[in-house]
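Trainee: Can you keep this structure in mind? I'll have questions shortly.
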Amino acid sequence: MNEPITLKRDELYNLVWKEPIIKIASRYGISDRGLTKICNKLNVPTPPRGYWAKLQHGIQVKRISLPKIKRDEPTTHTIYGYNKPNIVKDISKEAEELILTEQSAEKIIVPDRLISPHPLIKEARGILSKSKPDDYGMLRLSFKDGLDIRVTPNNLKRALMVLNSLFKALKSRGFIFNSGVTFSQCFF
């Protein structure tokens, strides 16, 4: 256990606009969500989604002003008995940039139906929809160099929609998948 830390409202405001909340939170041994809750409690505005990515690409973003304190609102928060996280302290600049980019990327949204499936998803759907469940009630698809799927028949449709959404998100983030490949030809 470490000594309690008292965060002042104006200091916290300056911190969260200087660097990402996840970095600040890790220094205090709390989650980014925990630090966001502290910001909400102290009425400290935080950078919107995509803020750090825009700054990284030279786009000017307006900083939200610290609102005036209202009567009976707290101005400090003390973190008691926090534990320093057991994380790797030295990561490459490239890894750090990838983490920040992903944190500010658009959320992956899974639609209610399978739309324009990736060739691998289309092939998986064809194979799995004709498969019979194993002794554990699972449909299985496993290829040495491709997708490895294990799913119940009731969840097949949803699993394929999730995988297809993931493929699309990876593609939008610069990952390359060869179209028209079969499971035995695809490497991840």
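Trainee: Report, by residue number, each residue of the range 136-170 that is at pLDDT 90 or above and under 14 Å from residue 119 (Cβ atoms).
Mentor: If the condition is that a residue be at pLDDT 90 or above and under 14 Å from residue 119 (Cβ atoms), then 160, 163, 164 are the ones that fit.
Trainee: Further question on the same structure: Residue 40 versus (1) part of a helix (DSSP H, G or I); (2) farther than 28 Å from residue 74 by Cα: which is the lone unmet condition?
Mentor: Here residue 40 clears every test but (2).
Trainee: Can you name the condition, by its number, that residue 26 falls short on among (1) surrounded by 15 or more Cβ atoms within 10 Å (Cβ to Cβ); (2) at pLDDT 90 or above; (3) out of contact with any strand residue (DSSP E or B) (no Cβ under 9 Å at 6 or more places or on another chain)?
Mentor: All conditions are met except number (2).
Trainee: Could you list all residues from the range 1-23 that are at pLDDT 90 or above and of a type in the set (D, E, K, R)?
Mentor: Result: 8, 9, 10, 11, 18, 19.
Trainee: Restricting to the range 171-188, give me the number of residues that are over 24 Å from residue 130 (Cα atoms) and either modelled with pLDDT of 85 or more or touching an Asp or Glu at 6+ places or on another chain (Cβ under 9 Å) (or both).
Mentor: Of the residues in the range 171-188, 4 are over 24 Å from residue 130 (Cα atoms) and either modelled with pLDDT of 85 or more or touching an Asp or Glu at 6+ places or on another chain (Cβ under 9 Å) (or both).
Trainee: Name the residues in the range 93-141 that are β-branched (Val, Ile, Thr) and either assigned by TED's automatic domain parsing to the domain that holds residue 51 or within 28 Å of the chain's Cα centre (by Cα) (or both), would you?
Mentor: Hits for the range 93-141 are 99, 101, 108, 109, 110, 115, 121.
Trainee: Cβ-Cβ under 7 Å, sequence separation 6+ or interchain: first residue in the range 53-67 and touching a residue at least 12 places away in the same chain (Cβ under 8 Å), partner of a type in the set (Lys, Arg). Which pairs?
Mentor: 61/54
Trainee: Filter the range 120-174 down to the residues that are of a type in the set (Ser, Thr, Tyr) and out of contact with any helix residue (DSSP H, G or I) (no Cβ under 8 Å at 6 or more places or on another chain), then identify the one that is nearest to residue 102 (Cα to Cα).
Mentor: Of everything passing the filter in the range 120-174, 172 is nearest to residue 102 (Cα to Cα).
Trainee: Something else about it: Restricting to the range 106-145, count the residues that are over 22 Å from residue 176 (Cα atoms), among the basic types (Lys, Arg) and in a loop (DSSP other than H, G, I, E, B).
Mentor: Adding up the residues that qualify gives 2.
Trainee: Can you say whether residue 87 is at pLDDT 90 or above and closer than 30 Å to residue 167 by Cβ, as far as the supplied structure shows?
Mentor: no
Trainee: May I ask you to verify whether residue 63 is in a loop (DSSP other than H, G, I, E, B), exposed (fewer than 13 other Cβ atoms within 10 Å of the Cβ) and touching a Phe, Trp or Tyr at 6+ places or on another chain (Cβ under 7 Å)?
Mentor: Judged against the criteria, residue 63 is a match.
The values are calculated or read from the model by the stated rules, or taken from the named source; none is laboratory data. Keep in mind the model is a prediction, meaning the values are calculated, not measured. Glycine gets a Cβ as well: all are built from the backbone with ideal geometry, and neighbour counts include every protein chain shown.
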